[in-house]
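Take a look at the structure below.
The values are calculated or read from the model by the stated rules, or taken from the named source; none is laboratory data. Keep in mind that this is a model prediction, so the values were computed, not measured. Using ideal geometry, Cβ is built from the backbone for each residue, glycine included, and neighbour counts are taken over all protein chains shown. What goes into the accessible areas is simple: the full protein's heavy atoms, side chains included, and nothing from ligands, DNA or RNA. Shrake-Rupley method; radii C 1.70, N 1.55, O 1.52, S 1.80 Å.
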Amino acid sequence: MTTIQLKPRKEESILRFHPWVFSGAIARVTLDADHPEPAPVEGELVRVMSSEHKVLGVGHWQVGSIAVRLLAFGVGELPELFWQERIAAAYRMRQRLGLLREDNTIYRLIHGEGDSLPGLVVDIYGATAVVQAHSVGMHVYRRQIAQAVVDTVSEVTAVYYKSDDTLPFKAPVEGDRTGWLIQQSAVSNQQSEEYWATENGLEVRIDWLRGQKTGFFIDQRENRALVERYARGKDVLNMFCYTGGFSLYALRGEARTVDSVDVSQKAIDLVNTNVARNFPGCTNHRAVAADAFDYLSAQCAEGRRYDLIILDPPAFAKHRDAVKNALRGYQRINAKAIEMIRPGGILFTFSCSQAVDKEAFRLAVFSAAAQTGRKVRILHQLHQPQDHPINIYHPEGEYLKGLVLYVE
Ligand code: SAH
């Protein structure tokens, strides 16, 4: 195995279980005598040692500023049942948290670093698991991972692999980036169009083939439940609705009216399908395909007002360099939304940009509030749910943040 030796004192963060080795921390790379290439290959397993030759762990080699993502600490090789044990541990945790219920068949089983498996995401939709590799190392192990998921989670009979958008763009990988890994049941590609799973008693159509991410935004489950608690009798706007998760909870919470808006017509079709399935004959829901800024500006000018608005935009900043523009974007859209809220109304506002931290996001929303001159108070500070855990030694894992505001 290739050995990576660190510079003096660069082992400190690893001894505290931080799972990344930055390229600048590396003193020496020693290849095996029979290594096929003159340098480590992206995705290969490497052993990490301190400057004093102490074994620190094993991980996946990557090209870029994060050179190694560690899988196991304090050992020089992966234990024999590594994948089975890690996946079983994650499953046990979800069981203990009470997430696996007849009325809740959707949950995230593996959340990368938060489940000590950097670069891997596994989402469960009833009998189907969707696996997503964010690193070549995880791609290499995709079959072992799929088998371990099926062996561990008795309900799962099929595993779909969807890493087209998440594997490093230029990385040379062997095999398909997308397609079935295990297909033991009757679930097939055609059925992806007819596939339903349940979140907190609400049925949602999951289309892992054509949908965004693995087909559904599981990370808003708890925040949707909070919307349900506030929805009664209110006129609700769900902006950036995608499959309409928030809209379903608002309708179940007896909102007076719910408007769902997304720029994608496919998303709007999905919202309508989901609403019709859960609330047959529903007459107080309207879905509109429109750009957020256009919709808000036009409706605002016409004097349209809401009692509760949800703003859940896509990541405005995908990289650190884009943070400044992203913050301006958050400020602009939040100001528009605050303007459209009736006195005594509520705004649920989110950012899923990992590069924008809690404080920066709060400051952007503060600026938006100040711009409108309204009195605004914070009722709740929201974040990602329990099946998207954050390794306390890896605070970079925190990405979803939200504020619930009371607007006078
Ligand atoms: N709230 C959703 C997830 C939102 S994801 C949920 O709970 O599932 C972000 C959504 O914003 C995507 O569906 C995307 O199509 C939409 N979107 C992106 N740019 C937009 C724009 N300019 N105007 C309106 N919607 C947009």
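The table below gives the values:
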| read-out | value |
| --- | --- |
| Every residue from the range 245-299 that is assigned to a helix (DSSP H, G or I) and polar (S, T, N, Q) | 247, 265, 272, 273, 274, 278, 297, 299 |
| Of all residues in the range 208-219 being closer than 14 Å to residue 244 by Cα and buried (at least 17 other Cβ atoms within 10 Å of the Cβ), the one that is farthest from the chain's Cα centre (by Cα) | 211 |
| All positions within the range 140-166 that are within 19 Å of the chain's Cα centre (by Cα), open to solvent by 10 Å² or more (accessible area, probe 1.4 Å) and not charged (D, E, K, R) | 160, 166 |
| From the options 250, 231, residue that is of a type in the set (Gly, Ala, Ser), closer than 22 Å to residue 280 by Cα, within 15 Å of the ligand (Cβ to nearest atom) and touching a Phe, Trp or Tyr at 6+ places or on another chain (Cβ under 8 Å) | 231 |
| So residue 101, is it surrounded by fewer than 24 Cβ atoms within 10 Å (Cβ to Cβ) and within 15 Å of residue 86 (Cβ to Cβ) | no |
| Single residue of 264, 297, 260 found to be near the ligand (Cβ under 10 Å from one of its atoms), surrounded by fewer than 19 Cβ atoms within 10 Å (Cβ to Cβ) and either more than 23 Å from residue 346 (Cβ to Cβ) or assigned by TED's automatic domain parsing to the domain that holds residue 380 (or both) | 264 |
| Within the range 198-207, tally of residues that are of a type in the set (Asp, Glu) and crowded, with 22+ Cβ neighbours inside 10 Å | 1 |
| Residue within the range 224-241 that is surrounded by 15 or more Cβ atoms within 10 Å (Cβ to Cβ) and touching a Pro at 6+ places or on another chain (Cβ under 6 Å) present | yes |
| Counted residues, the range 360-408 - those being part of a loop (DSSP other than H, G, I, E, B) and of a type outside the set (Asp, Glu) | 15 |
| Count of the range 106-147 residues which are of a type in the set (D, E, K, R) and closer than 20 Å to residue 209 by Cα | 4 |
| Some residue of the range 346-357 being away from the ligand (no atom under 16 Å from the Cβ) and open to solvent by 30 Å² or more (accessible area, probe 1.4 Å) | yes |
| Residue list for the range 41-68, filter: surrounded by 22 or more Cβ atoms within 10 Å (Cβ to Cβ) and not aliphatic (A, V, I, L, M) | 43, 57, 59, 60, 61, 62 |
| Residue within the range 182-195 that is under 21 Å from residue 106 (Cβ atoms), modelled with pLDDT under 95 and in contact with a helix residue (DSSP H, G or I) (Cβ under 6 Å, 6 or more places away or on another chain) present | yes |
| Pairs, first over 10 Å from residue 244 (Cα atoms) in the range 257-286, second open to solvent by 70 Å² or more (accessible area, probe 1.4 Å) and within 14 Å of the ligand (Cβ to nearest atom), C-beta under 8 Å, six or more apart | 266/210 |
| Candidates 363, 347 - the one that is hydrophobic (A, V, I, L, M, F, W, C) and over 22 Å from residue 246 (Cα atoms) | 363 |
| Sole exception among (1) part of a helix (DSSP H, G or I); (2) crowded, with 23+ Cβ neighbours inside 10 Å; (3) in contact (Cβ under 8 Å) with a residue 40 or more places away in the chain for residue 334, by number | (3) |
| Hits in the range 127-139 - residues which are farther than 11 Å from residue 167 by Cβ and open to solvent by 10 Å² or more (accessible area, probe 1.4 Å) | 127 |
